[in-house]
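Q: Would you mind keeping the following structure in view while I ask a few things?
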């Protein structure tokens, strides 16, 4: 296997070489997780693909699900004697990670894709297009450490693509946008230009946006099944049911992901600043440094809204995401305090048991 095509480069190479000089990891080689299912991992290495699990020691020292490998992660893996199976002993440091809040009431962070260079945010030129949802994706993408690129699909079915481009003008600052038709091939070469050798990209978007069709077009193979969408609301069923990293002909790698019905943010305040750089820039001119952009005197943001330079719905969306992130931070802090209290309580019980044992 050509590991360069799978994105094996610095800092992964340097860290792996350093760790493999130690006795603990001397029998390991670097590999990349291309598929994950219920703590089972398909790991590609220079000697082939191995079905792998984490070692007992690895699992014991992991504090939560973020410590476990995910698709796109680089790991140190040891081959089991005489088998095409492996044991994962270490997770190499991530250079980027796209996460979201797990669906439902639990405040749990879920990795969507790890170690990606480019995040293709895919929306189709129909009723699937939603500027407010795209703002949410951009916040998460900027926070991930990867470069966001907007891909608008199904151009062959759209009569007025310029209307969609106008809508992007006020929200996608500094973000490249590509209009694509997998049917005619228009725009595919522009997308391929982002995918140089060793580059890893991820496709993110809602169901029916055309991610699987785009994957098939870029790979030149029928890698992912595709399905029609409903005509009344342009929504589709989940064609892709799992995350998988696949190699592309030009030497890049692509992670296709299941369509997300919702994208709830975690602690992504830095991404909020980047995703709403227009508001962040206006805020520099506010009279007060801690201006909340509500009714404070001398607020440059409110002034821009009143003068029509900043759409009211743009600011409303900013406030909504800001509240969502603050709520998640509060819940996360509360969970951390509860976990810390439980650890102290368990430690106290253990000490008391040990003292009782000594007295016997």
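The values are calculated or read from the model by the stated rules, or taken from the named source; none is laboratory data. Because the structure is a prediction, the values reported are computed rather than measured. Note: ideal-geometry Cβ built from the backbone for every residue, glycine included; neighbour counts use all protein chains shown.
Q: What number of residues in region 114-154 are out of contact with any strand residue (DSSP E or B) (no Cβ under 8 Å at 6 or more places or on another chain) and under 23 Å from residue 198 (Cβ atoms)?
A: Residues meeting the conditions: 0.
Q: Inside region 295-326, can you point out the residues that are over 20 Å from residue 275 (Cβ atoms), without any contact (Cβ under 8 Å) to a residue 12 or more places away in the chain and not in a helix (DSSP H, G or I)?
A: Those that are over 20 Å from residue 275 (Cβ atoms), without any contact (Cβ under 8 Å) to a residue 12 or more places away in the chain and not in a helix (DSSP H, G or I): 295, 296, 297, 307, 308.
Q: Which of the residues spanning region 231-252 are touching a strand residue (DSSP E or B) at 6+ places or on another chain (Cβ under 8 Å) and either at pLDDT below 60 or not assigned by TED's automatic domain parsing to the domain that holds residue 136 (or both)? Explain how you work it out, then say what you get.
A: Of the residues in region 231-252, the ones touching a strand residue (DSSP E or B) at 6+ places or on another chain (Cβ under 8 Å) are 234-236, 240, 242-248, 252.
Listed by number, the residues that qualify are 234, 235, 236, 240.
Q: Continuing with this model, one more query. Would it be correct to say that residue 283 is modelled with pLDDT under 85 and over 25 Å from residue 115 (Cβ atoms)? Quick ask: steps written out before the conclusion?
A: Working: modelled with pLDDT under 85: no; over 25 Å from residue 115 (Cβ atoms): yes.
So residue 283 does not fit the description; no.
Yes/no matrix, rows are residues, columns are (1) at pLDDT 95 or above; (2) within 14 Å of residue 76 (Cβ to Cβ):
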site	(1), (2)
2	no, no
12	yes, yes
27	yes, yes
30	yes, yes
44	yes, yes
49	yes, no
52	yes, yes
57	no, yes
62	no, no
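Q: Restricting to region 175-194, what's the tally of residues that are assigned to a loop (DSSP other than H, G, I, E, B), at pLDDT below 95 and on the phi < 0 side of the Ramachandran plot?
A: 7
Q: If you check residue 307 against the conditions, is it more than 26 Å from residue 100 (Cα to Cα), modelled with pLDDT of 65 or more and loosely packed, with under 12 Cβ neighbours inside 10 Å? Don't jump to the end; show me each part of the working.
A: Numbers: more than 26 Å from residue 100 (Cα to Cα): yes; modelled with pLDDT of 65 or more: yes; loosely packed, with under 12 Cβ neighbours inside 10 Å: yes.
Answer is yes for this residue.
Q: Taking strands (runs of 3 or more DSSP E) that fall entirely within region 35-102, which contain at least 3 residues that are within 15 Å of residue 7 (Cβ to Cβ) and outside the structural domain of residue 121 (by TED's automatic domain parsing)? Can you show your working first?
A: Values: elements: 40-45, 48-54, 74-79, 85-91, 97-101.
By residue number, 40-45.
Q: Next up: Have a look at 119, 151 and point out the one that is over 21 Å from residue 278 (Cβ atoms) and modelled with pLDDT of 90 or more. Reasoning before the result, please.
A: On the way: 119 fails: over 21 Å from residue 278 (Cβ atoms).
Going through 119, 151 in turn, just one is over 21 Å from residue 278 (Cβ atoms) and modelled with pLDDT of 90 or more: 151.
Q: Next question, about the same structure. Mind listing whichever residues of region 148-174 are buried (at least 18 other Cβ atoms within 10 Å of the Cβ) and not in a helix (DSSP H, G or I)?
A: Once the filter is applied, which keeps residues that are buried (at least 18 other Cβ atoms within 10 Å of the Cβ) and not in a helix (DSSP H, G or I), region 148-174 yields 148, 149, 150, 151, 152, 153, 154, 158, 171, 172.
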